[in-house]
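K.L.:
Okay, here's the structure, questions in a sec.
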Amino acid sequence: MPMDPTLPQPVVPASPAVPDAPLQREDARPVPGGYTYRRHALPVRVFHWINVVALTILLMSGLNIFNAHPAMYWGSSSYSGRPPLLMMTAVEAPDGTARGVTRIFGHQFDTTGVFGLSTVYGELTARGFPSWLTIPDGNWLAMARSWHFFFAWILVLNGLAYVGYAAWSRHIARDLAPTRADWRGIGASIVDHLKFRHPKGEAATRYNVLQKLAYLVVIFVLLPLMILMGLGLSPWANAVWPGWVDLFGGRQAARTIHFVCAWLIVLFVCIHVFEVIITGVWNNVRSMITGRYRVDRDVPAEVQS
Amino acid sequence: MSTQRRRFFARALGTAGALVLAGCDKLSRTDWFPKVLNVAEPVNNSIAKTVARMAMAEEFPESALSPSFRSNGTSDPGTDAYVALAQGQFATYKLVVDGLVENPLALTLADVRALPSREQITRHDCVEGWSAIARWKGARLSAILAAAKPKANARYVVFHCADPMNEDGTGFYYESIDFEDAYHEQTILAYDLNRAPLPIANGAPLRLRVERQLGYKQAKYLLRLELVESFAHIEGGNGGYWEDNGYQWFAGI
């Protein structure tokens, strides 16, 4: 029945600050003050957490392996007549006490208690990295290698499965590849990051350009380079194409690059976890467990990117 | 998040981390878990043998030689028998080749030096992580095997050494390689290091060079080569001194 225009009109609710568009997502589920949507697909979540476990064990068993010869060099040989780039060692101080010393590019630091000399099972022990950073805790090269080579396979197989899935599902093209607008906004994004200002509302459902670039660099540069340099340490893998490891500076250089890549990945993880915390730790962690990410509706427009 | 909650979660995370680490260390000390980890070793071995069965290890120019070649592990076996051999300039030394062979051998150093040889400048990669480059000259193991005539069921060469690994003078070092490595062109029993007779610190009078594997395979102070079908009955049964102590038999990684 047509409405009588002379009668009072029904009250129309005030339009929300953010248009209803997001609710048109198939996967959106309204919640008070906003909606949730499926941010991370199940395979990506599984790959992510396997990666967390594998990288943690690889780092810590790797540091135990480093402790078997706590020094880093450039070139093919460790005994070239040139001093190491990095060295952790225990020395006797003039007063007769033992000190842990770290020498890096010719600069020397007293790092007693952490690097060079630290407590293992209640006893001061000469070792590179401290026991709380290594798997196993004490110096045990054979066991550290067993851990390392098992989880190296986990990392590689998980990584290949991820890249295969991400390419097939268009996760890379859709979510990770920077758009033209992303590239144009890179300066603004840097400023936003430095001011800890992050996209909210609908804008937070997309990765920002620095985030995309960070993921791409880790996935396609750092991790492959680290794995390749790990293979560069294998005398057998060296023989597959004799001399290939010299393209990277030699086997000892490969060992140094492997080590530096590992710490760059640690740096990435620190920034990643920092960003997870300041952009809503529960929302982010939940989205990587259940997949669902919450978007708030009533967001002032000026903080949207 | 409130400070209190934050502190609670930081503490919970720290505790969980410590528990996980303690768990890892406990797992390392079980019988079964290291076996699970070591399923990677046969995989690595077969991939290595498939992709680079007879590939050559890199050889270096003279300019790459390390100023001196480091001695690692035993620097002098020190047993009465070895001291006597060394004092006699190894004139009475005999390298025994036996086990699954048609023609057991007992070779003097002069015999070994008369065999087809090879000289190579290669990089020695220690399992600890360091590398050093040296020039080695020695008899090709393939020539020794040809003279000894392996039986059809022989699969490994076991290297028995003169250096005891226990304080009480027992537990002699030993190693083993398969026939693919034994017949590899660069696999030699080295008697010269940097154009001088192999020093005692580096394994006099003979040491193995198997260039695509790590340092612990390069057995020093060789006394006897034993050809076997399986090394399960020898010492700890894992094919080498360090293998019996948890290291991988395939030392190509």
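The values are calculated or read from the model by the stated rules, or taken from the named source; none is laboratory data. Computed from a predicted structure; not experimentally measured. So basically every Cβ, Gly included, is an ideal-geometry build from the backbone, and we count neighbours across all protein chains shown. Keep in mind that these areas ignore ligands, DNA and RNA; they rest on the heavy atoms of the full protein, side chains included. Shrake-Rupley method; radii C 1.70, N 1.55, O 1.52, S 1.80 Å.
K.L.:
Check the stretch B:143-163 and report whether any residue there is aliphatic (A, V, I, L, M) and more than 20 Å from B:L105 (Cβ to Cβ).
P.N.:
Scanning the stretch B:143-163 turns up no residue that is aliphatic (A, V, I, L, M) and more than 20 Å from B:L105 (Cβ to Cβ).
K.L.:
Now for a separate question. Tell me, yes or no, whether the stretch B:57-75 has at least one residue that is within 21 Å of B:P199 (Cβ to Cβ) and more than 14 Å from chain A (Cβ to nearest Cβ).
P.N.:
There is at least one residue in the stretch B:57-75 that is within 21 Å of B:P199 (Cβ to Cβ) and more than 14 Å from chain A (Cβ to nearest Cβ).
K.L.:
Looking at B:Y221, B:Y241, can you tell me which residue is farther than 20 Å from A:S146 by Cβ and of a type in the set (F, W, Y)?
P.N.:
From the options B:Y221, B:Y241, the qualifying one is B:Y221.
K.L.:
Read through the list (1) surrounded by 10 or more Cβ atoms within 10 Å (Cβ to Cβ); (2) modelled with pLDDT under 90; (3) within 11 Å of chain A (Cβ to nearest Cβ), then give the number of the only condition that B:R5 fails.
P.N.:
For B:R5, the exception is condition (1).
K.L.:
So B:D163 ticks every box in (1) farther than 28 Å from B:T50 by Cα; (2) open to solvent by 20 Å² or more (accessible area, probe 1.4 Å) but one. Which box is left unticked?
P.N.:
Just one mismatch for B:D163, condition (2).
K.L.:
Something else: Name the single residue that is farthest from the other protein chains (Cβ to nearest Cβ) among those in the stretch B:22-40 being open to solvent by 40 Å² or more (accessible area, probe 1.4 Å) and in a helix (DSSP H, G or I).
P.N.:
B:W32
K.L.:
Please enumerate the residues belonging to the stretch B:41-68 that are part of a helix (DSSP H, G or I), small (G, A, S) and out of contact with any strand residue (DSSP E or B) (no Cβ under 8 Å at 6 or more places or on another chain).
P.N.:
B:S46, B:A48, B:S63 - these are the residues of the stretch B:41-68 that are part of a helix (DSSP H, G or I), small (G, A, S) and out of contact with any strand residue (DSSP E or B) (no Cβ under 8 Å at 6 or more places or on another chain).
K.L.:
Kindly indicate whether any position in the stretch B:139-160 is more than 18 Å from B:N245 (Cβ to Cβ), open to solvent by less than 30 Å² (accessible area, probe 1.4 Å) and not hydrophobic (A, V, I, L, M, F, W, C).
P.N.:
Scanning the stretch B:139-160 turns up at least one residue that is more than 18 Å from B:N245 (Cβ to Cβ), open to solvent by less than 30 Å² (accessible area, probe 1.4 Å) and not hydrophobic (A, V, I, L, M, F, W, C).
K.L.:
Got a sec? Which helices (runs of 4 or more DSSP H) wholly within the stretch A:226-292 have at least 2 residues that are more than 9 Å from chain B (Cβ to nearest Cβ) and open to solvent by 30 Å² or more (accessible area, probe 1.4 Å)?
P.N.:
Hits in the stretch A:226-292: A:251-278, A:281-289.
K.L.:
Are any of the residues in the stretch A:262-283 in contact with a Gly (Cβ under 9 Å, 6 or more places away or on another chain) and modelled with pLDDT of 95 or more?
P.N.:
Looking for residues that are in contact with a Gly (Cβ under 9 Å, 6 or more places away or on another chain) and modelled with pLDDT of 95 or more, one finds at least one in the stretch A:262-283, hence yes.
K.L.:
Name the single residue, out of those in the stretch B:166-178 being in a loop (DSSP other than H, G, I, E, B) and either on the phi > 0 side of the Ramachandran plot or touching a residue at least 40 places away in the same chain (Cβ under 8 Å) (or both), that is surrounded by the most Cβ atoms within 10 Å (Cβ to Cβ).
P.N.:
Per the stated criteria, the residue is B:G171.
K.L.:
Does B:A86 fit the bill of being facing chain A (nearest Cβ under 7 Å) and of a type in the set (A, V, I, L, M, F, W, C)?
P.N.:
So B:A86 fails the test.
K.L.:
Could you tell me how many of the residues in the stretch B:207-249 are in a loop (DSSP other than H, G, I, E, B) and either at the interface with another protein chain (Cβ under 8 Å from one of its Cβ atoms) or open to solvent by 10 Å² or more (accessible area, probe 1.4 Å) (or both)?
P.N.:
So the count comes out to 21.
K.L.:
Of all residues in the stretch A:193-216, which are assigned to a helix (DSSP H, G or I), touching a residue at least 40 places away in the same chain (Cβ under 8 Å) and open to solvent by 30 Å² or more (accessible area, probe 1.4 Å)?
P.N.:
Listed by number, the residues that qualify are A:E202, A:Q211, A:A214, A:L216.
K.L.:
What single numbered condition from (1) within 15 Å of the chain's Cα centre (by Cα); (2) in contact (Cβ under 8 Å) with a residue 24 or more places away in the chain fails to hold for B:G203?
P.N.:
Unmet for B:G203, out of (1) within 15 Å of the chain's Cα centre (by Cα); (2) in contact (Cβ under 8 Å) with a residue 24 or more places away in the chain: (2).
K.L.:
Answer with yes or no whether A:A166 is more than 14 Å from chain B (Cβ to nearest Cβ), touching a His at 6+ places or on another chain (Cβ under 9 Å), open to solvent by less than 40 Å² (accessible area, probe 1.4 Å) and among the small types (G, A, S).
P.N.:
For A:A166, the condition - more than 14 Å from chain B (Cβ to nearest Cβ), touching a His at 6+ places or on another chain (Cβ under 9 Å), open to solvent by less than 40 Å² (accessible area, probe 1.4 Å) and among the small types (G, A, S) - is not met.
Residue-wise test of (1) modelled with pLDDT under 95; (2) open to solvent by 20 Å² or more (accessible area, probe 1.4 Å); (3) in contact with a Pro (Cβ under 6 Å, 6 or more places away or on another chain).
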| site | (1), (2), (3) |
| --- | --- |
| A:D20 | yes, yes, no |
| A:R45 | no, yes, no |
| A:N64 | no, no, no |
| A:R82 | yes, yes, no |
| A:L85 | no, yes, no |
| A:T89 | no, yes, no |
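K.L.:
Just checking, how many residues over the stretch A:134-156 are closer than 13 Å to A:L58 by Cβ, more than 8 Å from every other protein chain (Cβ to nearest Cβ) and surrounded by fewer than 19 Cβ atoms within 10 Å (Cβ to Cβ)?
P.N.:
Counting residues in the stretch A:134-156 that are closer than 13 Å to A:L58 by Cβ, more than 8 Å from every other protein chain (Cβ to nearest Cβ) and surrounded by fewer than 19 Cβ atoms within 10 Å (Cβ to Cβ) gives 2.
K.L.:
Quick check on my filter: what residues within the stretch B:41-63 are open to solvent by 30 Å² or more (accessible area, probe 1.4 Å) and either charged (D, E, K, R) or touching a residue at least 12 places away in the same chain (Cβ under 8 Å) (or both)?
P.N.:
Listed by number, the residues that qualify are B:E41, B:P42, B:N45, B:R53, B:M54, B:M56, B:E59, B:P61, B:E62.
K.L.:
Just to verify a result, which residue in the stretch A:65-85, among those that are aliphatic (A, V, I, L, M) and touching a residue at least 60 places away in the same chain (Cβ under 8 Å), is farthest from the other protein chains (Cβ to nearest Cβ)?
P.N.:
Among them, the one singled out is A:L85.
K.L.:
Going through A:L223, A:L247, A:L194, A:L210 one at a time, which residue ends up being assigned by TED's automatic domain parsing to the domain that holds A:F150, closer than 23 Å to A:F66 by Cβ and of a type outside the set (D, E)?
P.N.:
A:L223
K.L.:
If a residue counts only when it is farther than 30 Å from A:G230 by Cα and either open to solvent by 20 Å² or more (accessible area, probe 1.4 Å) or without any contact (Cβ under 8 Å) to a residue 40 or more places away in the chain (or both), which strands (runs of 3 or more DSSP E) contained entirely in the stretch B:69-134 have at least 3 such residues?
P.N.:
B:95-99, B:105-107
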